[in-house]
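This report concerns only the one structure given below.
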Amino acid sequence: MTTTRTVNDIPPGIYTVQAFLWSDSCRVAEKTIYLGFKPITIPSARVLGGCNGSVGSAVLVAPATQGSGTYTYTLFQGSVDAANQVAGPQSSSVFSNVSPGVQCIVVATDECGSGTQRTASAAESSYPVGTSASRYCPGDNMTLSVINVAGATYQWFKDGNPISSQTGYQLTINNVLYPADNGIYSANIYIQDCVLASSTVNIVIDCKPFPVTLADFRAAGMENYVQLEWETTFESQSSGFAIERSRDGKTWESVGMVESATKGDLSYNIQTYSYQDYDPIAGIVLYRLKCIDLDGTYTYSRVRSVHLKEEIDPVVFPNPTSRRLIIKNVSSNAKFTLIDASGRPLPSLKTVNYEKGVATLDVSHIRTGIHILQVSQQESVKLML
């Protein structure tokens, strides 16, 4: 016997349906149903690189929403078939030990069997600290923040020391004090066994205007160099900008300096600057600006990342030559040495001109023959003169 019962105007929710035998009111069946839920979806699948300081290790986070009941997650590489399954099924939306640069597809299903999938985005490699204001005065409320990752926990640091009871993606300090709250702030992001380190931000509790208001800062990898561009909307007592780069966000080196266009004067006009790094590093490289005041004080810009796939070798031409030698893809401080067929270094070469990664050498005084040209610490290039 089949009995049908229709109930209208039921709000969305989780319900339990119980069926009884009317003869003795004994319960014989029970079923949980889900009414009025939207289809399951994965809003984003983020690959977060740099686990435990390794650029080759990442964690993938892809939480599902909507649907009904609990979720089950499975990870595939390349395509969704059994041969390409690499992890799962599991209840967690986090997958550890993922390789950046490998296409990953996350499939999620709910208790009703509905499913969805999402292809992971390109790996993120830097985690800047955002600030709620460009400057803080004593008594202000300050909020710092890093990326908000579902299921992650956080530890904030000031001058390298952990700040107690601060385990969220935001750090809030009310009624900041001078100089007690001055310092270098950063955060660690913990996702299962993966630890991600944020960049640092230098907080100065001071109502004096900053020497520079940086409106924009961009970095892009070109054919044989990295192009850096930035704009300022205010400068006062500004000396210039040191360009710094890093592989890991912890150890930084200065690669160049650009003087302020205002020469230390007060300016409310937009100033545009650029710099080309003709000695780039292969892989993921971080860049930042050190904005320096005339009195030596400074602030840092936000960090920008650039991914260069491979080292760029010097290109030498013409070969043979008798007067001038041109070498492309070299830095301004590259050193050049000629070695003759017997292995003896010849007198130093004179750089006639250098511009945008291209050096021109005078070799008119070199005797005819086959020589080896050594460029800095890079591999030698055989050359006929």
Residue count, the stretch 256-294, condition of a type in the set (Phe, Trp, Tyr) and closer than 10 Å to Glu235 by Cα, comes to 1
Scanning the stretch 183-199 for residues that are of a type in the set (S, T, N, Q) and either over 18 Å from the mean Cα position of the chain (by Cα) or buried (at least 21 other Cβ atoms within 10 Å of the Cβ) (or both), the one nearest to Leu171 (Cα to Cα) turns out to be Ser186
Scanning the stretch 99-130 for residues that are modelled with pLDDT of 90 or more and among the β-branched types (Val, Ile, Thr), the one nearest to Ser198 (Cα to Cα) turns out to be Val129
Residue set Pro128, Pro138, Pro100; condition surrounded by 13 or more Cβ atoms within 10 Å (Cβ to Cβ), in contact with a Lys or Arg (Cβ under 6 Å, 6 or more places away or on another chain) and outside any strand (DSSP E or B); output residue Pro128
Scanning for something crowded, with 20+ Cβ neighbours inside 10 Å and part of a strand (DSSP E or B), does the stretch 75-90 turn up at least one residue? yes
Item to complete: Return yes when Val106 is buried (at least 20 other Cβ atoms within 10 Å of the Cβ), touching a residue at least 60 places away in the same chain (Cβ under 8 Å) and over 25 Å from Arg302 (Cα atoms) and no when it is not.
Response: yes
Flagged pairs (Cβ under 6 angstrom, 6 or more apart or on separate chains; first in the stretch 125-145, on the phi > 0 side of the Ramachandran plot; second surrounded by fewer than 16 Cβ atoms within 10 Å (Cβ to Cβ) and not acidic (Asp, Glu)) are Gly139/Asn175
Across the stretch 140-177, the tally of residues that are small (Gly, Ala, Ser) and closer than 24 Å to Ser96 by Cβ stands at 4
In the stretch 160-175, residues that are over 22 Å from Ser301 (Cα atoms) and in a loop (DSSP other than H, G, I, E, B) total 8
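The values are calculated or read from the model by the stated rules, or taken from the named source; none is laboratory data. Computed from a prediction, not measured in an experiment: that's the story for all the values here. Cβ coordinates were reconstructed from backbone atoms using ideal geometry, including for glycine residues, and neighbour counts include every protein chain displayed.
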